[in-house]
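Worksheet: the structure to be examined is printed underneath.
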Amino acid sequence: MVAARFQIAVDTLGSESPTAQIIAGARDFIDANVDCDLTLIGRSRDFSCFPESRCRIVDCATAVPQHATLLDVLRKKSDSSLRSGLSLLADSSVDALVSTGNSGALMVLGRQIVSTLPGITRPAMIKQFTRTTGSFWMLDLGANLARRRGLLSEFARIGSAYANSIGGLKEAKVALLNIGTEAHKGPQYLRDTAVELARDPQVNFVGYIEAHALFDGIADVVVTDGFTGNVVLKSIEGALGIARQHVQHALASSDDSKHEAVVNKVNSSLNAQTYNGASLVGLRGVIVKCHGNTNHIGIRSALALAKHEIVAQVPQRLEAQFEHLPDLH
């Protein structure tokens, strides 16, 4: 029996990081994953270090800039590397796409080219976070800024289905991010969403959760709007960076002969790049979005996540769970 091989596309343009960092991370990934090949989209001259047997090249010199407006995306960037990658995903030429490009462009073009799954109005950004007892997932992390009851309820269903397919959680505990846990706290759209989720048999709703309790094991899936979620995500990453600096400084000033090994472990566990990559779920394909300032470690991590979602058949399993559900809107 021939082992399955996976083809993952990498959009190497449109990043705030040097292309060399993306290339280095991609090379690290294929060196460690013999069952994966890459489709590299960008300037062909940048890919000379890749073995021809493990990659194919889509020559493209046009990127969607980080500052591009949606009008630019829809009208002026028809030949961009991001559009090329999404088109390859839409026609099943690749199994997944990893991009560091413009988030708004990825959302708009993803819906236009790849299309949403039946029963899903808008895709959402979801990310896994590690805690002392397992993991939890949070969405939306920036794909949607709208604050609507029906949309948050949809995210709760998406998050539950994702935690089931990726984490194997049959009845994931779902909570709404709020400024307090009391029923009367928060804006009206959150209180209305809580009532709706409490009545939804497809969601194991456990109530509200505050930001300081995210890592306490109260919820497996945390639901919020894209604006709030993105602020929380970047706050967590900033706190990780500060903690890493303090621990490194303390260890470097100690006389413990073993501190080098400890420093290396701390560098890995507190390095946000190690956990880089959020998934745009709800579309007919696997898409992983990286920060614009991603380094080689972040790209390698994002590619590993894309492979994990391919193996877990995330889009197919979300579609199976949504196709029979009643419309929330």
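The values are calculated or read from the model by the stated rules, or taken from the named source; none is laboratory data. It should be emphasised that the depicted structure is a prediction, and the values quoted were computed from it without experimental measurement. No Cβ is skipped: glycine too gets one built from the backbone with ideal geometry, and neighbour counts run over all protein chains shown. Surface accessibility is based on the protein's heavy atoms, side chains included, excluding ligands, DNA and RNA. Shrake-Rupley method; radii C 1.70, N 1.55, O 1.52, S 1.80 Å.
Working from the Cα coordinates of the chain, the gyration tensor eigenvalues give, after taking √(5λ), semi-axes of 31, 27, 18 Å in decreasing order.
As a ratio to 2.2 N^0.38 Å, the alpha-carbon radius of gyration for region 8-140 is 1.12. Packing here is the average count of other Cβ atoms within 10 Å per residue, and on that basis the peptides 312-320, 96-104, 233-241, highest first, run 96-104, 312-320, 233-241. Atom-type composition of the exposed protein surface of region 162-234 places 54 percent of the accessible area on carbon and sulfur (1.4 angstrom probe). Taken over the Cα atoms of region 81-142, the convex hull encloses 116 Å³ per residue. Shape class for region 138-238, computed from the alpha carbon gyration tensor (a ≥ b ≥ c): rounded, with a/c under 1.5.
Here region 85-133 and region 156-207 have alpha carbon centers that stand 22 Å from each other.
Stretched out straight at 0.36 nm per residue, the stretch from Asp192 to Asn293 would grow longer than its current Cα-Cα span by 32.6 nm. Per-residue ellipticity at 222 nm computed for the chain from its helices equals -12500 deg cm²/dmol, with DSSP H segments shorter than 4 residues left out and the rest contributing -39,500 (n - 2.57). Summed over the residues of region 39-163 and divided among them, the accessible surface reaches 40 Å² per residue at a probe radius of 1.4 Å. A simple packing score, the average count of other Cβ atoms within 10 Å per residue, orders the peptides 19-31, 50-62 as 19-31, 50-62, with the highest score first. Go ahead and set up a Gaussian network model of the chain, Cα springs under 10 Å, then flag whichever of Val286, Val174, Val195 fluctuates most. Result for the chain, Cα springs under 10 Å: Val195 fluctuates most.
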